[in-house]
Amino acid sequence: MQQADIEKVRASVHQQCGSKVLIQLDRGRNKVDIQEGVIQNAYPSVFTILVNDEREENPPQLLSFSYSDIITRDIRMKLC
């Protein structure tokens, strides 16, 4: 993993702040979680996504990910 790759991902995520995304989380052992959320902020090392669950009993969650999670494909994002 090179620093240039992380810079490209960081710039891309920063441009998409406020955009609605579909995220696919690789939880390991063939477990995949698919959620929809909005990119809230992009910081130097991490970015945050606000995820609303369809069920009313679950409050919105603020999830944080590192840019290397995208490069290693632990998380995959797709614009909605």
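One table, with the values for the structure above:
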item	result
The stretch 58-67 - residue that is more than 12 Å from Val13 (Cα to Cα) and not in a strand (DSSP E or B) and, of those, modelled with the lowest pLDDT	Asn58
Residues of the stretch 10-25 that turn out to be touching a residue at least 40 places away in the same chain (Cβ under 8 Å) and either within 11 Å of the chain's Cα centre (by Cα) or more than 14 Å from Ser66 (Cα to Cα) (or both), as a count	9
Enumeration of residues in the stretch 13-31 that are loosely packed, with under 11 Cβ neighbours inside 10 Å and part of a strand (DSSP E or B)	Arg27, Gly28, Lys31
Per-region count, the stretch 42-55, residues touching a strand residue (DSSP E or B) at 6+ places or on another chain (Cβ under 7 Å) and closer than 16 Å to Ser68 by Cα	5
Residue pairs meeting the criteria (Cβ under 6 Å; at least 6 apart or on separate chains; first more than 20 Å from Asn30 (Cβ to Cβ) and of a type in the set (Lys, Arg), in the stretch 59-80; second open to solvent by 70 Å² or more (accessible area, probe 1.4 Å) and at pLDDT 95 or above)	none
Residue within the stretch 65-72 that is closer than 20 Å to Asp5 by Cα and touching a Lys or Arg at 6+ places or on another chain (Cβ under 9 Å) present	yes
Test: Asp5 is assigned to a strand (DSSP E or B) and either of a type in the set (D, E, K, R) or in contact with a Pro (Cβ under 7 Å, 6 or more places away or on another chain) (or both)	no
Residue that is farthest from Met77 (Cα to Cα), among those in the stretch 18-48 that are touching a Cys at 6+ places or on another chain (Cβ under 7 Å) and among the aliphatic types (A, V, I, L, M)	Ala42
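The values are calculated or read from the model by the stated rules, or taken from the named source; none is laboratory data. Predicted, not measured: the structure shown is a model, and the values here were computed from it. With ideal geometry, Cβ positions are generated from the backbone for all residues, glycine too; neighbour counts draw on all protein chains shown. For accessibility, only protein heavy atoms count, side chains too; no ligands or nucleic acids. Shrake-Rupley method; radii C 1.70, N 1.55, O 1.52, S 1.80 Å.
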